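Here the structure is laid out as structure tokens; the discussion comes afterwards.
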Amino acid sequence: MGIDKELIDKLLVDYKGPEDLIGEQGLLKQLTKAFVERAMHAEPTHHLGYEKHDSRGRGSGNSRNGTSRKKLKGDFGEAVIEIPRSPP
């Protein structure tokens, strides 16, 4: 899978220097947070076998249970992410 060069151009449209990429509010931190959250929110769909808000989860005893905040630490510093709680 290749990375869309047009997408990269859009992400870097306001780029002025390294701080915009790797700084405290840089693109690397924002992308890492977005990718991790997206992957973690997809996991319950795979595990439970139905999409979020699907009626199959109601009253099943094995449904989504909200989110929790966690700190993700990396070379970019810390990012607070929202992760899904495990089903009971």
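The values are calculated or read from the model by the stated rules, or taken from the named source; none is laboratory data. Just so we're clear, the structure is a prediction, and the values are computed from it rather than from any experiment. All Cβ positions, even for glycine, are placed from backbone atoms using ideal geometry, and neighbour counts span all protein chains on display. The accessibility values were calculated without ligands, DNA or RNA, using every heavy atom of the protein model including side chains. Shrake-Rupley method; radii C 1.70, N 1.55, O 1.52, S 1.80 Å.
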Fill in: Only one of E82, E24 that is acidic (D, E), exposed (fewer than 12 other Cβ atoms within 10 Å of the Cβ), in contact with a strand residue (DSSP E or B) (Cβ under 9 Å, 6 or more places away or on another chain) and in contact (Cβ under 8 Å) with a residue 12 or more places away in the chain
E24
Worksheet item: If you take the residues in the stretch 42-52 that are open to solvent by 70 Å² or more (accessible area, probe 1.4 Å) and either in contact (Cβ under 8 Å) with a residue 40 or more places away in the chain or not in a helix (DSSP H, G or I) (or both), which one is nearest to L72 (Cα to Cα)?
Response: E43
Worksheet item: From the residues in the stretch 29-81 that are of a type in the set (D, E) and over 27 Å from P18 (Cα atoms), which one is modelled with the highest pLDDT?
Response: E43
